[in-house]
Amino acid sequence: MGTVGGKGAVLGIETSCDETAAAVLDRDGRVLAETVLSQFADHAPYGGVVPEIAARAHLRYLSTQVSHVMRTAGLAPADLAAIAATTGPGLIGGLIVGCQFGKGMALGAGKPFLAINHLEAHALTARLPGLTDGGAPFPYLLMLLSGGHSQCIAVLGVGRYVRLGSTVDDAAGEAFDKVAKLLGLGWPGGPALERLAAGGDPDAFPLPRPMLRRPGCDFSFSGLKTAVAQLAAGPLSDGRRADLAASFQHAVTDVLADRASHAMAMMRERHPEARLLVVAGGVAANAAIRTALTHAAEAADFRLVAPPVRLCSDNAVMVAWAGIERLRLGIADGMDTAPRPRWPLAELAGSSGSGRR
Ligand code: KG4
Ligand code: ZN
């Protein structure tokens, strides 16, 4: 087996939360095959991700997902240049499954193993050559808005990340999920809340805008959530529920646009050549948020790069791509690599460099 297009290809594996995903990219970052299996239905009855169920599902589905992308790409393990798997941060059970599977495959095929930080994978997605002309150049500002993380990060190079600000309480996606629950919507709440908000008046409820105009670019969402909880405690007509959803989304959007403006000013001060604001994470799928960030970027003489929705939420294309970026720098990881449920981006600095480890 093996195709010319597949020479130097990298397999990516993602199992850090509730998506079992695999992808094969060629050496230039072209996607040869990709698949994402959301365990959504397995967790929905519990209103959130149940770690034990997630780990068992990854174990059940991962090898089929990998076989599928390898077959679609027309490649055998021996054709790959390397195997990349997310080894943190995330839920330990899923990380063990992905990390061990990746190492096993790398060992069997005699190929390098790449241990990928999930946040780094989100951070580098904008550099996929197909997304912006030739891929986003360093340095750029990243706003990572997912279910577990809300951070503004100066992306200076592979393995070189400086956190400019982050949430002091809930992550943006977590706030969407909690408010969706208060409004009686299913899980995950973000997409359902956005749909409900579409039929509501965003100015109906004067909700707080935590952190607005504060120095720096930290976020806070718990006060906003509490305000919604008080309003949702009493009976609400369907129309008022939609108004509340729209008002909440409007408040979050205002806060994110303000925080982005501050973050761009901070970025410009430290790195005057920076021109790009990149959004990543599931919340970046929200159309109102994308629009507000586009305007905030224009006002600051930045350009917004928003990857397509399928690359904003968890996927394995970003893992394979982060692997390609690291491989190009001659980085590989040992078979003694252990999964890390907590793995801040700042700790990557010491793990990347010029030599193989
Ligand atoms: O990045 P992601 O897929 O998974 C991680 O958390 O790593 O993000 C999932 C989060 C969930 O909290 C979900 O409710 C939120 O992203 N989300 C949205 C939308 N789509 C997903 N939030 C607001 N609007 C959306 N359209
Ligand atoms: Zn993620």
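Residue count for segment 5-37 under the criterion of being of a type in the set (S, T, N, Q) and either modelled with pLDDT under 95 or under 22 Å from A332 (Cβ atoms) (or both): the result is 2.
Do we find a residue being in a loop (DSSP other than H, G, I, E, B) and closer than 27 Å to S222 by Cβ anywhere in segment 265-281? Taking every residue of segment 265-281 in turn, at least one turns out to be in a loop (DSSP other than H, G, I, E, B) and closer than 27 Å to S222 by Cβ. A count restricted to segment 25-46 and to residues that are surrounded by 15 or more Cβ atoms within 10 Å (Cβ to Cβ) and either touching a residue at least 60 places away in the same chain (Cβ under 8 Å) or hydrophobic (A, V, I, L, M, F, W, C) (or both) stands at 11. Screening V158 with (1) away from ligand 1 (no atom under 16 Å from the Cβ); (2) buried (at least 24 other Cβ atoms within 10 Å of the Cβ) gives one miss only, at (2). Total residues in segment 295-317 satisfying the condition of being away from ligand 1 (no atom under 14 Å from the Cβ), surrounded by fewer than 17 Cβ atoms within 10 Å (Cβ to Cβ) and not basic (K, R): the figure is 4. Selection of segment 133-154 for residues being crowded, with 24+ Cβ neighbours inside 10 Å and among the aliphatic types (A, V, I, L, M) yields L141, L142, M143, L144, L145, I153.
Considering only segment 320-336, I want to know if a residue exists there that is among the β-branched types (V, I, T) and outside the structural domain of P215 (by TED's automatic domain parsing). Within segment 320-336, one or more residues are among the β-branched types (V, I, T) and outside the structural domain of P215 (by TED's automatic domain parsing).
Taking residues in segment 99-120 that are assigned by TED's automatic domain parsing to the domain that holds H58 and touching a residue at least 60 places away in the same chain (Cβ under 8 Å), and partners anywhere that are surrounded by 24 or more Cβ atoms within 10 Å (Cβ to Cβ) and among the basic types (K, R), the pairs with Cβ atoms closer than 7 Å and at least 6 places apart or on different chains are L114/R326.
The values are calculated or read from the model by the stated rules, or taken from the named source; none is laboratory data. If you're wondering where the values come from, they're calculated on a predicted model, not measured in any experiment. All Cβ positions, glycine included, derive from the backbone under ideal geometry; neighbour counts span all protein chains shown.
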